Structure formats: structure tokens, C-alpha cells
């Protein structure tokens with residue numbers, strides 16, 4: 001599978017899940033069930049998608065001429081998305097107005113990121129990577145994304161661990177200590 005098409009496919013799925021999170025109906029309990037399931041799927045998909053991009057795709061895109069700044073910006077936007085996702089996960093009542101506000105903030109952040117990524121990094125990949133390279137990268141990226149999802153990477157504690165200032169002190173110390 002072409003990595004660009006695979007990533008764009010996830011972008012489409014993000015919007016479908018956000019639509020479920022925004023939808024209200026007269027049957028509140030049915031809405032609650034759909035929202036809880038969609039939030040769980042979105043959390044796993046968002047985290048797995050971003051993490052696999054950063055480990056499997058972004059390093060290759062850094063090699064492209066001029067791709068470094070876009071890659072770093074994309075990674076920064078992933079952290080912002082993780083913050084917004086964490087806020088959504090922290091709302092217990094999925095029928096409460098706070099939930100709708102958290103969905104709106106996540107949706108806005110995600111729409112911004114998806115737009116920029118598709119116009120810059122993914123177009124760079126289309127233009128500068130040949131089809132066999134995009135295919136190989138797609139296979140690797142999908143496998144890593146699926147592995148992360150199977151591990152439940154969208155759990156609250158896993159999402160919090162992705163946000164630098166929320167990481168446990170010992171983990172932060174290791175990140176900032178000189179390599180031996």
C-alpha cells in the first residue's frame with residue numbers, strides 16, 4: 001500500500017469518527033455508546049498514526065530536500081493533538097457540553113494538521129519518492145500503526161506519556177541526559 005494513500009485514508013477515518021463524536025440524537029444512551037466507542041477508536045488511531053509517522057515516515061521525509069522544517073512542524077502538531085486528545089479523554093460524561101467543546105478543539109487542531117501535512121509532507125513524498133519506495137514505506141507504516149493500536153496506545157496514560165511536560169520526571173531526565 002502506498003504510504004501517502006494509507007495516511008490519507010486515516011485522515012478520512014479521523015473525520016468520520018469526529019462526526020460520530022459530534023452527533024446528537026434523541027436516544028441519549030445510544031449516543032453515549034457510539035461516542036464512547038468512537039472516542040476509543042479515535043484515540044488509538046490518532047496516537048498510532050502519529051507515532052508510526054514519526055518513527056517510520058518522518059525520518060525518510062527528513063532526507064528530502066527542504067523537508068526538515070515541515071517534519072519538525074508536523075511532530076510539534078502531533079504533540080498539540082495529543083494534548084487536545086488528552087483533554088477529550090478526561091471528560092467523563094460524553095453527553096456533557098465540556099465533551100462537545102473538547103471535540104471541537106481536537107477537530108480544529110486535527111483539521112489544521114491534516115491540511116498542512118497533505119499540502120506539504122505528503123505532496124513532497126508523492127513528488128520525491130518513487131512508487132516502490134512509497135509502497136515499502138506504506139507496508140512498514142501500516143504494520144507499525146496496527147501494532148501500536150493492538151497494544152492500546154490510545155489509553156489515557158499512554159497519551160499523557162507522549163506530552164513532554166506530562167512525562168514522569170525519570171523519563172524526562174533520561175531524555176535530557178547525555179548519551180553514554
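The values are calculated or read from the model by the stated rules, or taken from the named source; none is laboratory data. As the structure is a computational prediction, the values presented were derived from the model and not from experiment. Methodologically, a virtual Cβ is constructed for each residue, glycine included, from the backbone with ideal geometry; neighbour enumeration extends over all protein chains shown.
Modelled with pLDDT of 95 or more, surrounded by fewer than 18 Cβ atoms within 10 Å (Cβ to Cβ) and assigned to a helix (DSSP H, G or I) - does that describe any residue in the range 61-79?
Checked the range 61-79: no residue is modelled with pLDDT of 95 or more, surrounded by fewer than 18 Cβ atoms within 10 Å (Cβ to Cβ) and assigned to a helix (DSSP H, G or I).
Filter the helices (runs of 4 or more DSSP H) completely within the range 125-180 down to those with at least 2 residues that are within 30 Å of residue 1 (Cα to Cα) and modelled with pLDDT of 95 or more.
Values: elements: 131-150, 156-161, 169-176.
Fully inside the range 125-180 and qualifying: 131-150, 156-161.
Given the options 17, 36, 46, name the one that is in contact (Cβ under 8 Å) with a residue 60 or more places away in the chain and either touching a strand residue (DSSP E or B) at 6+ places or on another chain (Cβ under 8 Å) or in a helix (DSSP H, G or I) (or both).
One residue alone meets the criteria, 46.
Return only the number of the condition from (1) surrounded by fewer than 17 Cβ atoms within 10 Å (Cβ to Cβ); (2) modelled with pLDDT of 95 or more; (3) in contact with a helix residue (DSSP H, G or I) (Cβ under 7 Å, 6 or more places away or on another chain); (4) in a helix (DSSP H, G or I) that residue 95 does not satisfy.
(4)
Would the range 19-40 turn up any residue that is modelled with pLDDT of 95 or more, within 25 Å of residue 140 (Cβ to Cβ) and within 18 Å of the chain's Cα centre (by Cα)?
No.
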